[in-house]
Amino acid sequence: MTDQAIGSDTRLQALFGIILVSQSMFNWSSPQGPWNDPSFTRGVIALAGCVLLYSAGFQLVFGQKGWIPYLRLWRTAPESIAKFTGGAGVITILAAIGMGSDSTLPPTFSLISLLFGLLLLLYASYAWLVISGPLREDG
């Protein structure tokens, strides 16, 4: 994919997403928000960053704007989709567990990472069910 195909709006989304997710790594005096909990506010800001990162990542991986990663969009062998996303999910979950035991990081950062890992495992399960599992189309 060329740099022109990526687009400046994708880069800007990725930059803002990284900034919003990165702020959850630090204990700063964030606003309490309507829920009167600064830690929850950091988590909400990080979730907004995850949405921006997901959108930018989708555009980088698949070369088009969208939200739903249909299995037909992948440029690899269909059987490897579940292995790739499942492996990435397991690695992300293990990293989140490691981050959770690190006292220098706020708990919100490990929770965001754990959510991302679980979503990857969910997608891997879906890909396996449709490609190799009981929901495959034999025909």
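Nothing in this text is a laboratory measurement; each read-out follows from the coordinates by a stated rule. These figures come from a predicted structure and were not determined experimentally. Virtual Cβ from ideal backbone geometry, glycine too; neighbours counted across all protein chains shown.
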In this structure, the FRET efficiency calculated for Thr104 and Tyr54 from their beta-carbon separation, with R0 = 25 Å, to the nearest 0.05, is 0.40
In whole µm²/s, the translational diffusion coefficient that Stokes-Einstein assigns to the range 68-139, given a Kirkwood hydrodynamic radius over C-alpha pairs, 4 °C and 1.567 mPa s, equals 98 µm²/s
Here the range 121-132 yields Karplus 3J(HN,Hα) values (6.51, -1.76, 1.60; θ = phi - 60°; whole Hz; Gly and Pro given as x) of 5, 4, 5, 5, 5, 4, 4, 5, 4, 7, 8, 10
A correct Karplus calculation of ³J(HN,Hα) over the range 75-92, with 6.51 cos²θ - 1.76 cosθ + 1.60, θ = phi - 60°, whole Hz and x for Gly and Pro, returns 9, 10, 5, x, 5, 8, 4, 5, 5, 5, 5, x, x, 5, x, 5, 4, 5
Whole-Hz Karplus couplings 3J(HN,Hα) for the range 113-120, θ = phi - 60° and coefficients 6.51, -1.76, 1.60, Gly and Pro as x, run 5, 5, 4, 4, x, 5, 5, 5
The chain, Gaussian network, Cα under 10 Å: of Ser39, Ser110, Ser24, the residue fluctuating most is Ser39
When the chain is treated as a Gaussian network with springs between alpha carbons less than 10 Å apart, the largest mean-square fluctuation among Ile19, Ile68, Ile81 is found at Ile68
Listed residues Tyr123, Tyr54, Tyr70; largest mean-square fluctuation, Gaussian network over the chain with Cα springs below 10 Å, found at Tyr70
Using the Cα gyration tensor of the chain, the equivalent ellipsoid's semi-axes, largest first and to the nearest Å, work out to 31, 20, 12
Length-normalised contact order of the range 51-119, Cα under 8 Å, at least 6 apart, in percent, tallies to 23 percent
Relative contact order in percent for the chain (Cα pairs under 8 Å, 6+ apart) equals 24 percent
Toy charge model, Lys and Arg Cβ at +1, Asp and Glu Cβ at -1: the chain dipole around Cα centroid in debye, rounded to 20, equals 140 debye
Once Leu129 and Trp74 are pulled to full extension, the length gained, defined as 0.36 nm per residue separation minus their Cα-Cα distance, is 18.2 nm
